[in-house]
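Okay, so here's the structure we're looking at.
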Amino acid sequence: MSNPSSGLRFDVYERVHLPDDVAAIDELEEIELVPRIQIVQQGEQVLLKGHLLLSGVYRAPDGLEGDQALEHMIPVEITLPMNRINRLDDIAVEIDNFDVDLLSARTLNVTGVLSLLGIEIEQKQEQEEWREEPFTVVHKREDEEQLPSWGAPVSQPSPPRVQE
């Protein structure tokens with residue numbers, strides 16, 4: 001099982017309609033979903049581009065002999081920042097699970113989960129990362145007479161009046 005802290009998961013959903021020039025589907029015999037993804041570094045980003053190849057064999061309705069081949073490509077394009085990747089060679093693309101539902105003789109529903117392994121989910125802390133130097137602030141109160149006046153004048157307390 002994949003480690004959730006070193007990868008990403010994406011839901012896959014695709015509705016496949018068979019073209020009119022191919023035989024309809026009576027029953028699926030074999031089916032597989034295989035990732036065909038290329039990993040390309042582009043500056044500060046990594047591009048994962050390609051497709052998921054849905055291929056299989058199905059039986060056509062009565063009257064047609066032999067099994068028919070099924071092939072459909074589901075496009076994939078994912079962009080990731082380089083700071084989430086240690087090494088390009090560590091990236092792996094896998095299909096965790098998938099399911100194909102036959103909605104009609106000409107329509108399939110494909111669902112599944114695509115996992116990217118070798119991707120850092122949390123921001124990594126690097127030793128050479130820039131850090132602020134600690135500093136100390138000392139506040140020293142000066143006489144009120146020496147303080148500059150900004151805006152409204154500060155009224156000075158008047159000395160107490162003594163009557164004789």
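The values are calculated or read from the model by the stated rules, or taken from the named source; none is laboratory data. Not measured: the values here are computed from a predicted model. When we count neighbours, we look across all protein chains shown, and the Cβ atoms used for this are built from the backbone with ideal geometry, even at glycine. For accessibility, only protein heavy atoms count, side chains too; no ligands or nucleic acids. Shrake-Rupley method; radii C 1.70, N 1.55, O 1.52, S 1.80 Å.
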Item to check | Only one of ALA69, ALA60 that is out of contact with any Leu (no Cβ under 7 Å at 6 or more places or on another chain) and open to solvent by less than 40 Å² (accessible area, probe 1.4 Å) | outcome: ALA60
Item to check | Test result for GLU120, modelled with pLDDT under 90, touching a Ser or Thr at 6+ places or on another chain (Cβ under 8 Å) and surrounded by 11 or more Cβ atoms within 10 Å (Cβ to Cβ) | outcome: yes
Checklist outcome for this item: Cβ pairs under 7 Å, 6+ apart or interchain, first in the range 32-55 and free of Cβ contacts under 8 Å to residues at least 12 places away in the same chain, second assigned to a strand (DSSP E or B) and basic (Lys, Arg), ordered by first then second residue, are VAL40/LYS49
